[in-house]
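The values are calculated or read from the model by the stated rules, or taken from the named source; none is laboratory data. As the structure is a prediction and not an experimental result, all values here were calculated from the model. Here the Cβ positions follow ideal geometry from the backbone for every residue, glycine too, while neighbour counts run over all protein chains shown.
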Amino acid sequence: MHLTKEQERMLDGEEGEVVARMMRLLVRLGDVYGAEKMVPVTSVQVAGVSYKSIGDAGLEFLQDIAKEARVKVLTFLNPAGMDLENWKEMGISEEFAKKQLAIINAFQKMGIVISATCTPYLAGNLPRYRQHIAWSESSAVSFANSVIGARTNREGGPSALAAAVTGFTPYYGLHLDENRQPNVIVKVKTELKTSTDFAAMGYYIGKEVKKGIPYFQGIKDADVDDLKALGAAMAASGAVALYHVEGITPEAKEVSIEGLEEIEFGEKELKETYDRLSTGDEPDIIIFGCPHASLNEIIKVAKIVEGRKARKPFWICTSRAVKEIADKMGLREKIEAAGGKIVADTCMVVSPIENLFNTTAVNSAKAAHYLPGFCKQKVVFKSMEDLLEG
Amino acid sequence: MKGRTIYPGKAEGEAIVSKEPLSFYGGIDMKTGIVIEKGHELEGKCVKDKILVFPYGKGSTVGSYVIYGLKKNGVAPKAIINKETETIVATGAILAGIVCVDGIDIDKIKDGDYIIIEAGEKEAEVVIKE
């Protein structure tokens, strides 16, 4: 791989042993994947934040790195294992909290913004079209590539951290235009009424296309919440890191769809997916915000439950930034009066909810996919409206 | 046998071979280097100072941190030989500085064989000593 003088100097240890090791990681990964050079990144998002996911191995690694390395670009985090302020309210143990806060301290020492969210693009880390970035969280990678048209591979925790402390990422995969062409057309033959319908379709299509790049036709309209749900589901059931939607996502008109295989998604597939994702009956709790809820989603929930109790206790998981606005708008009072809670910095998949509940209701296909394995939950999968009113 | 270098260096020692893929996270104890995955063919064996041979890694990306932890705790293998090294193992080996090569026909290596590895910047050579 061709390296610039600046990159060579980092590799030779002029910025310290940690930066050298991180540069070596990027160079080797670049060599393995056939990158010819490095490109500067303008934004990073690092995964592997929850103590539940990374354990003592991760904590010790991060503390080592934090002794020396500082980030060079705007860097955010993936969700942590608890609300960093109101963890006691969530039923988190002292021991878990101590370890989780030690992880956060290590990241803070590196100069990372302590915004622990899977939706950095809704919380102050928004790249522009065609900008090179290094993000980790699979749903955020999908959103950045597809909806914004930025360029990122799906980075692991360490390779994203390496991009943050060096300011570079190897130029391969989805950073190159030629690798962003779709390989399958999805003909949507049913009306998608809620973001949960989009999530269900994403779940089905992710299983079908696996690592592919689908091109959707027949979607009349989709808002940011719909696309967020669609991408998250495809990245969970498959490994889709980029999709195009005709008339809606920015690169759809630049790519070629000639001669591609076609698959259909209709009423039957939609219903099948709902049935498949629902494994439980009576939920102990309803949890929204996978990926983290947008302000608009919190407003919607507040409207549905205004002036009455929801049929079950519920949480809305979101970023700290969005929670602050919701608090200022008086939405928290409305939600709490209805038996709900706004939880920041974390989510139902990465926090230890298995200690609290057995059956969880969600409107997210991604959450429905991970909850049985990661959190030993039975799942009820329905739209926000059905869960709160039903 | 010729292969591809993931992390360069020289190493030699006794092979410990798994025909099954290996998960480092939840699969190997970071403090002792002992394989703890229930029912795994290497369960109960220690990877410390061995040449660890397996087809490819599986499981959580946290596996990279476990490989780093094994090295830090002085219980890492001397080298890793894979059929195909995926990102989790590659990242862990590079961060930890453990010699790692792939593209090797691992069926030819038996448990207990004495292995010599010379991994250059790009290509690697693996020799089974008679």
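Quick notes on this structure:
- From the options A:GLU324, A:GLU336, residue that is within 18 Å of A:LEU388 (Cα to Cα), of a type outside the set (A, V, I, L, M, F, W, C) and without any contact (Cβ under 8 Å) to a residue 24 or more places away in the chain: A:GLU336
- For A:GLU15, the requirement of being away from chain B (no Cβ under 14 Å) and either within 27 Å of B:GLY9 (Cα to Cα) or crowded, with 23+ Cβ neighbours inside 10 Å (or both) is met.
- Within region A:129-188, tally of residues that are in a helix (DSSP H, G or I), within 13 Å of chain B (Cβ to nearest Cβ), polar (S, T, N, Q) and touching a Phe, Trp or Tyr at 6+ places or on another chain (Cβ under 8 Å): 0
- Considering region A:177-217, the residues that are among the acidic types (Asp, Glu) and surrounded by 16 or more Cβ atoms within 10 Å (Cβ to Cβ) include one that is nearest to A:ALA368 (Cα to Cα), namely A:ASP197.
- Failed condition for B:GLY27, given (1) within 11 Å of chain A (Cβ to nearest Cβ); (2) touching a residue at least 24 places away in the same chain (Cβ under 8 Å): (1)
- Test: residue in region A:263-270 that is assigned to a loop (DSSP other than H, G, I, E, B) and either within 29 Å of A:GLU354 (Cβ to Cβ) or touching a residue at least 24 places away in the same chain (Cβ under 8 Å) (or both): yes
- If you go through region A:351-368 and keep only what is buried (at least 24 other Cβ atoms within 10 Å of the Cβ) and either within 14 Å of the chain's Cα centre (by Cα) or of a type in the set (Phe, Trp, Tyr) (or both), you end up with A:SER364, A:ALA365, A:LYS366, A:ALA367.
- In region A:219-242, residue modelled with the highest pLDDT [restricted to those that are surrounded by fewer than 17 Cβ atoms within 10 Å (Cβ to Cβ) and not acidic (Asp, Glu)]: A:VAL224
- Screening region B:61-71 for residues that are of a type outside the set (Phe, Trp, Tyr) and at the interface with chain A (Cβ under 7 Å from one of its Cβ atoms) and picking the one that is farthest from B:PRO21 (Cα to Cα) gives B:GLY69.
- Residue in region B:33-48 that is buried (at least 24 other Cβ atoms within 10 Å of the Cβ) and either touching a Gly at 6+ places or on another chain (Cβ under 9 Å) or not polar (S, T, N, Q) (or both) present: yes
- Within region A:22-49, the set of residues being facing chain B (nearest Cβ under 10 Å) and either buried (at least 24 other Cβ atoms within 10 Å of the Cβ) or within 25 Å of the chain's Cα centre (by Cα) (or both) comprises A:MET22, A:LEU25, A:LEU26, A:LEU29, A:TYR33, A:ALA47, A:GLY48.
- Residue selected from region B:72-92 under the condition more than 9 Å from chain A (Cβ to nearest Cβ) and within 20 Å of A:SER53 (Cα to Cα), by the criterion modelled with the highest pLDDT: B:VAL89
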